[in-house]
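So the structure is just underneath, and the comments pick up after that.
The values are calculated or read from the model by the stated rules, or taken from the named source; none is laboratory data. Worth saying up front: this structure is predicted, and the values here are computed from it rather than measured. Neighbour counts run over all protein chains shown; Cβ positions are idealised from the backbone, glycine included. Remember, those area values only see protein heavy atoms, side chains included, never the ligands or the DNA or RNA. Shrake-Rupley method; radii C 1.70, N 1.55, O 1.52, S 1.80 Å.
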Amino acid sequence: GPYQVWLTLYDALRFDFLDSDTHVTAAYRAAQFDPPPVAFAPPHSDFGLDADVPPDGLSDWLVVRASLTVAEAGTVFVSGSLWDSVGQYITGTVALAELAPGARTVDLRFPGHSIADHGRDGPYTVSMNAGKFGEFNFTAYDTHLTRPYLASQFAPVSGQFFGPHWDRAIDSDVPADGLYDWLIVDVGVDVTLAGGFEVQIYLTGADGGL
């Protein structure tokens, strides 16, 4: 310090601007204040993770291992955003970890299919924020540049909707009473990787009601 404080006054009910002012603090030293509860401590690292059993040679996740210095024990919240080499957003993720004080790491997992679908090769830039969970503010910010991965090294999305879809109504009563008992929607899915899938359907009326 000294530090400059900018003050703005609003009406709490109408949020109307009322006044502004400034204040200059005393000449505090930064060392007089507690360190942040969590801070980044680069270098960070990254690797592709093939989670399939048996492995298929394609990475299902891009894992960024963020290095941290933790000053206070507790739950740490880390968020990350992945950007390509021309600054276009690819995907984001968050991680929660219960950490003791000291040098620690937290893994941020970015889905590989988002990178494969994006189609642009690396290296990728990761922007990261960290803080104590529940305190509603980040105390640390850092970036990390990954290795020069190829987008084709990552597994594409395993399935996606493939329209058009169909619907039909069935009167299952015997004998039929002329009223439908079921509305059936046949959904088309394009599967690129074999596996189990679940389709969730919500039916709404013309007014948008569920």
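Observations, loosely collected:
- Our helix-only sum for the chain, with -39,500 (n - 2.57) per DSSP H run of n ≥ 4 divided by its residues, gives a mean residue ellipticity at 222 nm of -1000 deg cm²/dmol.
- Think of a 1.4 Å ball rolled over the protein heavy atoms: the chain then has 66 Å² of accessible area per residue.
- With K and R counted +1 and D and E -1, the other residues having a Cβ less than 12 Å from that of Leu9 yield a net charge of -4.
- Between Ala103 and Asp34, the contour length at 0.36 nm per residue exceeds the alpha carbon distance by 23.1 nm.
- Taking only protein heavy atoms and a 1.4 Å probe, the accessible area of segment 40-189 is 58% carbon and sulfur.
- Integer Hz, Karplus 6.51/-1.76/1.60 couplings in order for segment 50-66, x for Gly and Pro: 8, 8, 6, 10, x, x, 10, x, 10, 7, 7, 9, 9, 9, 10, 8, 7
- Label of the coordinate-derived value, log10 I(q)/I(0) by the Debye sum over Cα atoms at q = 0.12 Å⁻¹, listed as (1) -0.80; (2) -0.72; (3) -0.89: (3)
- For the chain, a Gaussian network of Cα nodes joined below 10 Å ranks Leu96, Leu150, Leu183 by mean-square fluctuation, and the top entry is Leu183.
- Heavy atoms of Tyr141: accessible area, 1.4 Å probe, square angstrom to 10: 140 Å²
- Of Asp177, Asp56, Asp84, the residue with the greatest mean-square motion in the GNM of the chain, using alpha carbon springs below 10 Å, is Asp177.
- Extension gain (nm, one decimal) between Leu203 and Phe17, 0.36 nm per residue minus Cα-Cα: 62.4 nm
- The distance separating the Cα centre of segment 27-81 from that of segment 1-18 comes to 34 Å.
- Working from Cα pairs under 8 Å separated by at least six residues, relative contact order for the chain is 15 percent.
- Most mobile listed residue (Phe133, Phe161, Phe40) in the chain, GNM with C-alpha springs under 10 Å: Phe161
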